[in-house]
Amino acid sequence: MAYLASMSIDFVYIKHVVMTIGLNTWGLVLYNNLEALMLFPLELLIMGEFDQMKVDSSKVSNWLSFDVVLPVALSCLFGLSISFFGFSCRRAISATGFTVLGIVNKLLTVVINLLIWDKHASFVGTIGLLICMSGGVLYQQSTTKPKAPKVEPKEENDEEQQKLLQMQGGQESNSTQK
């Protein structure tokens, strides 16, 4: 229940921030990653990862080898891409639409898991995902007021209209003279 409440607040709050703050998408991405980078050392200490890094660093002799740099660089590139497209999507659709998109996105993850690895979600978990997927398919964005069609302003200097006015003016003067 706490997860549901925190995610709902998170999505609505981030949508509010995305729409009201004056940063463009790249600014939001860089700001978000800077905040995460500042909290990273604290998380290392709290979660005990700092000690694990000491142990792991003794096992690897060359940190600048291709086998180490390539996965880290690809991970950074994919993380940056996910962040960019996530903020772009949050700017374009509603908070509810973004939540539904996140749920529907899980289908690809489950299909890849079923095809590649042997540890799968339980039957109940898969049924739960299918129920969420059905909700995503049935979801419709709330309709907004349709915009009034634009009426093109009439040109005052239309030649035909001027000729008609002259003809009417000429007929009125002829009828008053008679």
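The values are calculated or read from the model by the stated rules, or taken from the named source; none is laboratory data. Since the structure is predicted, the reported quantities are computational estimates derived from the model, not experimental observations. Positions of Cβ are generated from backbone atoms using ideal geometry, with glycine treated the same way; all protein chains shown enter the neighbour counts.
Assess whether residue 70 counts as being farther than 30 Å from residue 134 by Cβ and part of a helix (DSSP H, G or I).
Working: farther than 30 Å from residue 134 by Cβ: yes; part of a helix (DSSP H, G or I): yes.
Answer is yes for this residue.
Please state which one of 50, 11 is outside the structural domain of residue 103 (by TED's automatic domain parsing) and at pLDDT 80 or above.
Values: 11 fails: at pLDDT 80 or above.
Sole residue among the options that is outside the structural domain of residue 103 (by TED's automatic domain parsing) and at pLDDT 80 or above: 50.
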Open item on the list: If I filter region 49-67 down to residues being part of a loop (DSSP other than H, G, I, E, B) and surrounded by 10 or more Cβ atoms within 10 Å (Cβ to Cβ), which single residue comes out as nearest to the chain's Cα centre (by Cα)?
Closed with: 65
Task: Check on residue 18, assigned to a helix (DSSP H, G or I), in contact with a Ser or Thr (Cβ under 8 Å, 6 or more places away or on another chain) and surrounded by 11 or more Cβ atoms within 10 Å (Cβ to Cβ) - done: no
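Just checking, which of 22, 48, 86, 27 is at positive phi and either without any contact (Cβ under 8 Å) to a residue 60 or more places away in the chain or of a type in the set (Val, Ile, Thr) (or both)?
48
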TODO: Report, by residue number, each residue of region 79-97 that is at pLDDT below 80 and assigned to a helix (DSSP H, G or I).
DONE: 95, 96, 97
Task: Where a residue in region 104-128 is surrounded by fewer than 13 Cβ atoms within 10 Å (Cβ to Cβ) and its partner, wherever it lies, is not aliphatic (A, V, I, L, M), with Cβ under 7 Å and at least six apart - done: 114/120; 120/113
